[in-house]
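Notes follow once the structure below has been shown.
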Amino acid sequence: MEDQRNILFNEKPFSYKLLKDHKAQLYWRSQPVSVINGKDYNKLLRVIALDNIYELQLFLAKITGQFKRGNERGVGK
């Protein structure tokens with residue numbers, strides 16, 4: 001399991017805002033972390049269409065790279 005401490009499921013730290021020109025701004029705890037476009041933007045739209053909060057949080061965590069090393073506690077603080 002990717003999220004052993006259930007942070008993604010319980011806290012839902014990631015969010016997004018769809019922008020014009022097929023771009024999306026990604027946020028971690030209300031702090032902007034990246035802008036995606038192209039293939040990643042299309043993948044985001046597919047994950048949003050699934051209507052699964054955990055899958056969306058997991059996708060956003062992977063695309064931003066915040067959960068690769070288990071360092072999500074200290075990022076952005």
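No value in this document is a laboratory result; all are computed from the given coordinates. Since the model is a prediction, treat every value here as computed from it, not as a measurement. Cβ: placed from backbone, ideal geometry, glycine included. Neighbour counts: every protein chain shown.
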The whole-number value in µm²/s of the Stokes-Einstein translational diffusion coefficient for the range 7-64, with Rh from the Kirkwood sum over alpha carbon pairs at 25 °C and 0.890 mPa s, is 217
Of the range 5-30, those with amide N under 11 Å from the point 7 Å along the Cα→Cβ vector of Leu45 are 21-23
